[in-house]
Amino acid sequence: TVAMLFFHVGGFVILYALMRFQAVLPFNPMEQSAVAPDLSFNTAASFITNTNWQNYGGETTLSYLTQMLGLTHQNFLSAATGIAIAVALIRGFARSSVRTVGNFWVDVTRTTLYVLLPICVVYALFLVWQGIPQTLGAYVDATTLEGAKQTIAVGPVASQIAIKMLGTNGGGFFNVNAAHPFENPTALSNFVQMLSIFAIGAALTNVFGRMVGNQRQGWAILAAMGVLFIAGVAVTYWAEASGTSIMHALGLSGGNMEGKEVRFGIVASALFAVITTAASCGAVNAMHDSFTALGGMIPLINMQLGELIIGGVGAGLYGMLLFVVLAIFVAGLMVGRTPEYVGKKIEAREVKMAMLAILILPLMYLGWTAVAVVLPSAVASMANAGPHGFSEVLYAFTSATGNNGSAFGGLTGNTLFYNLTL
């Protein structure tokens, strides 16, 4: 724990300094100015914790050096940290008598060098093939058919998108994240990105079963995750495909396409929304603020559960194990036996610690939402009144607290105002 905390304090300082001094550092062809102190603090805290919550447009704010050495670097290390913590917890369940549950530095190094980097090298080449830029050259100036000048933002994008998805980070290189054609250009890239978001989180359930010597436990955890995921997809797709009563009253048939990319449509947008919020990944290929009420409810629920449906790399597994410990304890009380799980007794201390970890999430996002909706300065900053504005505030604090930078729309999460890019 101490090693992990010191490691990320150092990462925070480095990332903060990169953003504050980026104007005088190399690999800044567009001459981006220094990032403001409060925004630098917000972004650094976000990326070292795998939250990747953004309130800026990447192509208009950050230099290539900051994107590569700062954000992409932390995408690798925060993901490796999640896996290292999960493996340490699994060792605690698997071992009967030990003096240690491993070395943090060794686990982070092995995870980065043997798992994340090899996959991301191949993954980035695939994304380049699909049409994602990977260059250190300056932005491209183009002339439109009307004769107007248009600046097309490019950069070292593919290398960042690979770890962004595989490590369930979600911080976008561009303002509109995975809805941008240079982050997610084709239906194939969209499918592979969704698959990669779940890859490591799902695999860790099998790792758990193998390490504790009981693979059925790993399958049971994966099955519970799968049931919740399928239910979420079904509700979200049904809600978006059904459209809205207002549209139908105007004589417009079909589903709700507001805020969605035509190249993806309703099916891929609904599936992506559930996957990214189930896995604690902030990537979005559609604006959740434009979903129907029920369709937008599922991503919000996924985050408020603590992103344990597959979850972030490592975080999903140990998040689910918190509920396993609690369920085993309650079941043991009901049958009058001492609760045990994979050979370990579940006693009062374990339950107290599990409940503390479970309850801290609602305390944070509900508590800060309550403050925001009564604080005059916060209320004045809300773009929408009534239930719509409240849901945006709740979504913002939920996405920040639950280590998920998913965008609710043009206001929170990974995008600022998506209409700025129109």
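The values are calculated or read from the model by the stated rules, or taken from the named source; none is laboratory data. This is a predicted model, so every value here is computed, not measured. Virtual Cβ from ideal backbone geometry, glycine too; neighbours counted across all protein chains shown. All accessible areas refer to the heavy atoms of the entire protein, side chains included, with ligands and DNA or RNA removed. Shrake-Rupley method; radii C 1.70, N 1.55, O 1.52, S 1.80 Å.
Odds and ends about this structure:
- Flag for GLY343 being touching a residue at least 12 places away in the same chain (Cβ under 8 Å), more than 25 Å from the chain's Cα centre (by Cα) and loosely packed, with under 13 Cβ neighbours inside 10 Å: yes
- Of all positions in the range 194-210, none carries a residue that is surrounded by 23 or more Cβ atoms within 10 Å (Cβ to Cβ), of a type in the set (Lys, Arg) and under 24 Å from TYR114 (Cα atoms).
- For the range 346-384, the tally of residues that are closer than 30 Å to MET211 by Cβ and either more than 24 Å from the chain's Cα centre (by Cα) or of a type in the set (Ser, Thr, Tyr) (or both) stands at 8.
- Scope the range 27-48; condition touching a Phe, Trp or Tyr at 6+ places or on another chain (Cβ under 9 Å), open to solvent by 60 Å² or more (accessible area, probe 1.4 Å) and assigned to a loop (DSSP other than H, G, I, E, B); matching residues: PHE27, MET30
- The range 130-145 residues that are without any contact (Cβ under 8 Å) to a residue 12 or more places away in the chain, paired with ones that are open to solvent by 50 Å² or more (accessible area, probe 1.4 Å) (beta carbon under 7 Å, 6 or more apart): ASP141/LYS149; ASP141/THR151; ALA142/GLN150; ALA142/ILE152; THR143/LYS149; THR144/GLN150
- All positions within the range 147-177 that are farther than 18 Å from PHE76 by Cβ and charged (D, E, K, R): LYS149
- The residue of the range 132-147 that is nearest to SER63 (Cα to Cα), among those that are more than 29 Å from the chain's Cα centre (by Cα), open to solvent by 50 Å² or more (accessible area, probe 1.4 Å) and not small (Gly, Ala, Ser), is VAL140.
- Restricting the range 235-264 to residues that are open to solvent by less than 60 Å² (accessible area, probe 1.4 Å) and small (Gly, Ala, Ser), the residue that is modelled with the lowest pLDDT is GLY254.
- Whichever residue in the range 215-228 is open to solvent by 40 Å² or more (accessible area, probe 1.4 Å) and in contact (Cβ under 8 Å) with a residue 12 or more places away in the chain and, among such residues, is nearest to the chain's Cα centre (by Cα): LEU228
- Selection over the range 359-387 of residues that are surrounded by fewer than 13 Cβ atoms within 10 Å (Cβ to Cβ) and assigned to a helix (DSSP H, G or I) gives a count of 10.
- Candidate set from the range 281-309 (those that are β-branched (Val, Ile, Thr) and open to solvent by less than 10 Å² (accessible area, probe 1.4 Å)); member that is farthest from ILE358 (Cα to Cα): VAL284
- Boolean, PHE198 is within 22 Å of SER399 (Cα to Cα) and part of a loop (DSSP other than H, G, I, E, B): no
- Restricted to the range 346-358, and to residues there that are over 28 Å from THR398 (Cβ atoms) and part of a helix (DSSP H, G or I), the residue that is most open to solvent (accessible area, probe 1.4 Å) is ARG349.
- Of the set (1) open to solvent by 80 Å² or more (accessible area, probe 1.4 Å); (2) among the charged types (D, E, K, R); (3) part of a helix (DSSP H, G or I), all apply to ARG337 but (3).
- Residues of the range 148-169 satisfying the condition of being surrounded by 24 or more Cβ atoms within 10 Å (Cβ to Cβ), β-branched (Val, Ile, Thr) and outside any helix (DSSP H, G or I): THR168
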